[in-house]
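The values are calculated or read from the model by the stated rules, or taken from the named source; none is laboratory data. Model, not experiment: these values are computed from the prediction. Don't worry about glycine lacking a Cβ; one is built from the backbone with ideal geometry, like all the others, and counts go over all protein chains shown. Each accessible area value is taken on the protein alone, full model and side chains, heavy atoms only, with ligands, DNA and RNA left out. Shrake-Rupley method; radii C 1.70, N 1.55, O 1.52, S 1.80 Å.
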Amino acid sequence: MHILLLPGDGVGPEVTRAARTVLEAVVGGAQADAAAGGTDARGTAGIDITFSEADFGGAAVDRTGSPLPHETLTACREADAILLGAVGGPAWDDVAREQRPESGLLALRSALGLFANLRPIRVPARGVDFMIVRELTGGIYFGQPRSYESGRAYNTMVYERDEIVRIARVAFREAAERRGYVTSVDKANVLEVSRLWREVVVAEHAGRADVALAHMYVDNAAMQIVLRPQQFDVILTGNLFGDILSDVGAALAGSLGVLPSASVGAPGATPLFEPVHGSAPDVAGTGTANPIGAILSGAMLLRHAGHAAAADRVDAAVHAVLERGPKTPDLGGTAHTGDVTHAILNHMKTAETVS
Ligand code: NAD
Ligand code: IPM
Ligand code: MN
């Protein structure tokens, strides 16, 4: 399995490094350290991983003038999976829209056809365990026409039937493997695009007796996630609503720094794994970025590649460390990125010795 790393900007490289270290340890044990050059990890778990890295985001803008250089996109298509850090930051806030680091991320999702973004939110101590299934390549992020003129600007929130069908199928499939309950979130009381969304989701649900479906307006959903998050199993929603609601969900976990995500498309599309958080300019360079979102994204990568046992080991170690510490400052602690990463590695080693 060849993994392409896109570290990006701000805390991106810091958390990507941590995730790579954990992946190398879980697939290779001690042998990963011994591998020549440290780029090839093969070992006890029977998983063979190689890594390479490419320019992306603001770092790529500075070097090449584009946030998503051609060579990077080619490398993405050729990889088996992508592990991304984060992009953006104040240094690139005033550049033209096509050259913004964020535009590179949107272009990458679109070019690879990664229409489904899976964002799990788990807080075991509070009985919170739900998955946001966010449509990722349509809606108001990509809708035409769009324009910025002086004194007038607009975007278009548009969905085609087929775009709704395919994301609804992902949500129903996810729910069938979980607790079997989908909440579709929209704004059908105001928006035509949401009326179509709801109609198509209802039609798609007709053949799925194994999954229950409910609908909720997005404003209420924001409140319900804060007030009674235990009611949710799978939240199915569009691009913009999913972006916002996942950060609301992060508050339940205590920090944006701990949320992972997976972006997937049609068979053959290279899947992309990335923490939900951004480049955290206020934390970048302090050595205290929380690496857990990136590390859990690595676990999602392993699970997606069929390595469930390895993914379970990472998940278990992360949840033990979330309970006992050490914690980075975003979670109220004083630990550094490396302290948390080492605690996770140690927990994996100990669990291995016990089993
Ligand atoms: P952000 O996610 O970078 O930060 C929001 C808050 O969460 C900040 O207080 C930050 O310190 C904290 N935080 C986030 N990740 C953390 C981590 N790993 N450890 C500790 N604390 C963490 O969002 P923002 O401040 O709105 O945006 C900053 C930049 O990141 C912008 O340029 C934005 O466009 C970009 N961004 C990129 C992505 C991405 O690459 N996927 C996602 C969101 C934002
Ligand atoms: C996210 C981010 C991105 C989004 C930005 C950086 C384009 O906020 O992945 O949640 O809005 O999708
Ligand atoms: Mn976001």
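Some points to look at:
- Enumeration of residues in region 249-260 that are open to solvent by less than 30 Å² (accessible area, probe 1.4 Å) and in a helix (DSSP H, G or I): GLY249, ALA250, LEU252, ALA253, GLY257, VAL258
- Out of ALA250, ALA305, ALA294, ALA309, sole residue that is in the same structural domain as GLY85 (by TED's automatic domain parsing), touching a helix residue (DSSP H, G or I) at 6+ places or on another chain (Cβ under 8 Å) and in contact (Cβ under 8 Å) with a residue 12 or more places away in the chain: ALA294
- With respect to the conditions (1) surrounded by fewer than 21 Cβ atoms within 10 Å (Cβ to Cβ); (2) part of a helix (DSSP H, G or I); (3) modelled with pLDDT of 95 or more, LEU105 lacks only one, and its number is (1).
- Members of region 267-280 found to be crowded, with 18+ Cβ neighbours inside 10 Å and more than 16 Å from ligand 2 (Cβ to nearest atom), listed by number: THR270
- The residues of region 114-153 that are touching a residue at least 60 places away in the same chain (Cβ under 8 Å), of a type in the set (Gly, Ala, Ser) and surrounded by fewer than 16 Cβ atoms within 10 Å (Cβ to Cβ), listed by number, are ALA125, GLY127.
- Of all residues making up region 283-313, the number that are open to solvent by 30 Å² or more (accessible area, probe 1.4 Å), within 19 Å of ALA116 (Cβ to Cβ) and not in a loop (DSSP other than H, G, I, E, B): 3
- For region 314-334, the criterion of a residue being within 16 Å of ligand 1 (Cβ to nearest atom), farther than 26 Å from CYS76 by Cα, open to solvent by 10 Å² or more (accessible area, probe 1.4 Å) and basic (Lys, Arg) is satisfied by at least one position.
- When VAL283, VAL258, VAL264 are screened for being within 24 Å of GLU163 (Cα to Cα) and either more than 12 Å from ligand 2 (Cβ to nearest atom) or basic (Lys, Arg) (or both), only VAL264 passes.
- Of all the numbered requirements in (1) surrounded by fewer than 21 Cβ atoms within 10 Å (Cβ to Cβ); (2) under 12 Å from the mean Cα position of the chain (by Cα); (3) closer than 16 Å to LEU4 by Cα, SER263 misses one, and that requirement is (1).
- Taken over region 214-230, the criterion of being free of Cβ contacts under 8 Å to residues at least 40 places away in the same chain and open to solvent by 40 Å² or more (accessible area, probe 1.4 Å) is satisfied by HIS215, TYR217, ASP219, ASN220, MET223, VAL226, LEU227, ARG228.
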